[in-house]
Amino acid sequence: MKLELKSYHFSIGNSTTGPVGFCARVMACSKKDAVALLKEELPHEAAITEGPCAPVERAVEYMRVYFNPSAITENDIDEIDA
């Protein structure tokens, strides 16, 4: 039996209507598997930097975005491509 992967697109948050949003596309056999794979790969936090050549003096000293993988569900899938 051949497993057929589908492409699951997650849309979480909405930076058009709110302050933060992100999306992800995950290849998996089912919605349940797609959620599990995204949760496994998603970091709990991410630093936002401009790279090693950024000016030393900036108005925003640092920025960190936090994620809550436990809150991701199948309801966050907005598109499935076979």
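A short reminder: the numbers here are calculations on the coordinates, not readings from a lab. Predicted model, so just to flag it, every value in this text is computed and none were measured.
What the table below lists for this structure:
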item: Cα-based convex hull, the stretch 6-81, per residue volume (Å³, whole number); result: 120 Å³
item: Net lengthening on full extension, D78/N14 (0.36 nm per residue, minus Cα-Cα); result: 21.8 nm
item: Expected 222 nm ellipticity per residue - DSSP helices of 4 or more, -39500 (n - 2.57), all of the chain, to 500; result: -4000 deg cm²/dmol
item: Residue-span extension gain [C23 to Y62] - 0.36 nm each, minus C-alpha spacing; result: 11.7 nm
